[in-house]
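See structure below.
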Amino acid sequence: MENPSVWRDASPETTYPQLRGDLNVDVAIIGGGITGITAAYLLSKAGKSVAVVEARKIGEGATGFSTGNLYATIGGEGLHNVGSKFDANKMKEVVNSRAAAIDLIEQIAGNEGIECSFERVPWTLFSVEGKSESFVIKEKEAAETAGLEVFPHISYPMPVSEGFSLQNQAQFNPLKYVTGLATKIYSSGCQIFEGTRATNVKEGETCVVETTSGNITASQVIMATHTPKGIYFVHTLLEAYREYAVGVTLKGEYPAAGVYWEMQSSEHYSVRTADSPKGKILMALGQMHKVGLKEENADSFEKLEAFLRERFDVASVEYRWSAQQFKPADGIPYIGKSIADNKTYIATGFAADGLTYGTLAAMIISDQIQEIENPWSKTYDASRITPLASASKFAKENFTVAYELAKDWLFKEDANELSEVKPNEGKVIKLNGTKCAVYRNESGSLHAVSAICPHMGCIVHWNAAEKSWDCPCHGSRFAIDGEVLEGPAYNPLKKLNQI
Ligand code: FES
């Protein structure tokens, strides 16, 4: 892995078998992150036979690249955003449901004896030097309205112009938690397959999950894949973003354990400490941009380092990684049955809060499968239509997709000749009438794949910071050999052997 996260470095690698042949279970789960493994845990406990298929390793999708922060309020666009799109009741439902998800993680870690450094810590939101004060003030009011108790902000090595804290929030090592939970469920009979990529889901009397090495027949399917695989209406309601993280050691004192969100006028940064094999680490996450729409992103890591050096006495930079998130149009994730499907459940639109929402999604969906009434099903209903709350983002996102599709098909060529692709660079080139995504490695060899995203036909863009081909339309990402890294695409970029 080119950019392993601090969690990858601090957690043992899993070795589950690949699926070989066909299988029949009550519930098939696609995706072995926190959503899939928690759902598998809850459903197995309820007596269902469950199989989890993971394209790579358990927790190596979004879960293993997150911050490991858990809080009842909302990160990113904020709780007040839900209040302004809906009402105070909706904010309360969101906060209460998120708090219940954090409690469940604490319970599971305790009951199952999972060593994942779970601890209750304060969460702090602040602006520095007068930037983004109004956002912080609105968030403070929203937190109080939603029933959260607000405290003065925790000290920070920058002048804070406005800030507040919430007590009793939490942090953990998300990869140790998920791999620990996977070990528990596997030992009690839940089937887990790694290196097994789902390639299609067919619905009929029963569902069939087709994979690269066998089919799974199931009464129900959970798409625990961060964004659903294939073509779903919900893709028109999601914006895909990438953000970057660095982990450093400090010469001096580390900030007290806690979640620190620093708001700036056009950016926000999430800061926390964590233990790693390289000692105590201070990490910062930020530099967010839409997937595929920041051509010059190579300096994202440097900017994050500069952010930390301005505030702390940095000794060394030990980790660099990146993560993806999908923002929902109305500020609330989509969890449950999608509009079209009867037996397939989706869980997406978690924005910056995938660990909490992933756990909540597992709670809601496992109740729905067992036909148990869940108090939050309606709030997160994946088939809801909220035209007023979603209108501006829906229009913006679909304009972006249409614009990218048209612009890229008409104009997207970064170079005319292969010789223009320098070592370590990727460019889209039209060769023999075909749009090709061409990467030249350090020793000069060329890797060429089709530049046409197999999801819905947009043209992929080069991601210099991560050496991947990223699709600006719905966030699919591909390795230089075309393999799917993440997103809704089932299939890889087509390999081109002759250029
Ligand atoms: Fe939808 Fe590429 S992700 S077209």
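Within the range 217-229, not a single residue is open to solvent by less than 40 Å² (accessible area, probe 1.4 Å), among the basic types (Lys, Arg) and part of a strand (DSSP E or B). Selection within the range 1-54: residues that are modelled with pLDDT under 95 and touching a Leu at 6+ places or on another chain (Cβ under 7 Å). The member of this set that is surrounded by the fewest Cβ atoms within 10 Å (Cβ to Cβ) is ARG8. Filtered by the rule that a residue be open to solvent by 50 Å² or more (accessible area, probe 1.4 Å), within 16 Å of the ligand (Cβ to nearest atom) and in contact with a Phe, Trp or Tyr (Cβ under 8 Å, 6 or more places away or on another chain), the range 420-470 gives a lone residue, PRO454.
All conditions but one from (1) in contact (Cβ under 8 Å) with a residue 12 or more places away in the chain; (2) open to solvent by 30 Å² or more (accessible area, probe 1.4 Å) apply to THR211; the one that does not is (2).
Evaluate the following for GLU466: is it within 20 Å of the chain's Cα centre (by Cα), at pLDDT below 90 and closer than 20 Å to ASN3 by Cα? When the stated conditions are applied, GLU466 passes them.
Select from the range 123-140 the residues that are outside any helix (DSSP H, G or I) and either of a type in the set (Ser, Thr, Tyr) or buried (at least 18 other Cβ atoms within 10 Å of the Cβ) (or both) and list them in ascending order. Within the range 123-140, TRP123, THR124, LEU125, PHE126, SER127, VAL128, SER132 meet the criteria. Tell me, yes or no, whether the range 260-283 has at least one residue that is touching a helix residue (DSSP H, G or I) at 6+ places or on another chain (Cβ under 9 Å), under 22 Å from ARG8 (Cα atoms) and of a type in the set (Lys, Arg). Yes; the residues of the range 260-283 include at least one that is touching a helix residue (DSSP H, G or I) at 6+ places or on another chain (Cβ under 9 Å), under 22 Å from ARG8 (Cα atoms) and of a type in the set (Lys, Arg).
Comparison of ALA306, ALA315, ALA257 shows that the only residue that is open to solvent by 10 Å² or more (accessible area, probe 1.4 Å), assigned to a loop (DSSP other than H, G, I, E, B), of a type outside the set (Val, Ile, Thr) and farther than 30 Å from ILE385 by Cβ is ALA257.
With the structure loaded, tell me whether THR273 is at pLDDT 95 or above and in a strand (DSSP E or B) or whether it fails that test. Taking the combined requirement at face value, the residue satisfies it.
The number of residues in the range 56-68 that are buried (at least 24 other Cβ atoms within 10 Å of the Cβ) and either free of Cβ contacts under 8 Å to residues at least 12 places away in the same chain or in a loop (DSSP other than H, G, I, E, B) (or both) comes to 8.
Residue count for the range 95-122 under the criterion of being buried (at least 20 other Cβ atoms within 10 Å of the Cβ) and among the basic types (Lys, Arg): the result is 1.
Starting from residues that are open to solvent by 20 Å² or more (accessible area, probe 1.4 Å) and within 13 Å of the ligand (Cβ to nearest atom), keep the ones in the range 471-488 and report whichever is nearest to the chain's Cα centre (by Cα).
GLU486
In the set GLY47, GLY21, only one residue is over 26 Å from PHE326 (Cα atoms) and without any contact (Cβ under 8 Å) to a residue 60 or more places away in the chain; that residue is GLY47. Picking from residues in the range 141-195 that are part of a loop (DSSP other than H, G, I, E, B) and of a type in the set (D, E, K, R), the one that is least open to solvent (accessible area, probe 1.4 Å) is GLU194. Scanning the range 362-402 for residues that are over 21 Å from the mean Cα position of the chain (by Cα), crowded, with 17+ Cβ neighbours inside 10 Å, part of a helix (DSSP H, G or I) and modelled with pLDDT under 95 yields a single hit, ALA389.
When restricted to residues that are crowded, with 19+ Cβ neighbours inside 10 Å and touching a residue at least 60 places away in the same chain (Cβ under 8 Å), the range 277-301 contains 8.
When the range 443-499 is examined, which residues are found to be under 18 Å from GLY31 (Cβ atoms), without any contact (Cβ under 8 Å) to a residue 60 or more places away in the chain and polar (S, T, N, Q)? Passing the criteria: only SER476. Do the conditions hold for GLU239, that is, is it of a type outside the set (Val, Ile, Thr), open to solvent by 10 Å² or more (accessible area, probe 1.4 Å) and either in contact with a helix residue (DSSP H, G or I) (Cβ under 8 Å, 6 or more places away or on another chain) or not in a loop (DSSP other than H, G, I, E, B) (or both)? So GLU239 fails the test.
The values are calculated or read from the model by the stated rules, or taken from the named source; none is laboratory data. Model, not experiment: these values are computed from the prediction. Note that we place each Cβ from the backbone using ideal geometry, even for glycine, and neighbour counts take in every protein chain shown. Surface accessibility is based on the protein's heavy atoms, side chains included, excluding ligands, DNA and RNA. Shrake-Rupley method; radii C 1.70, N 1.55, O 1.52, S 1.80 Å.
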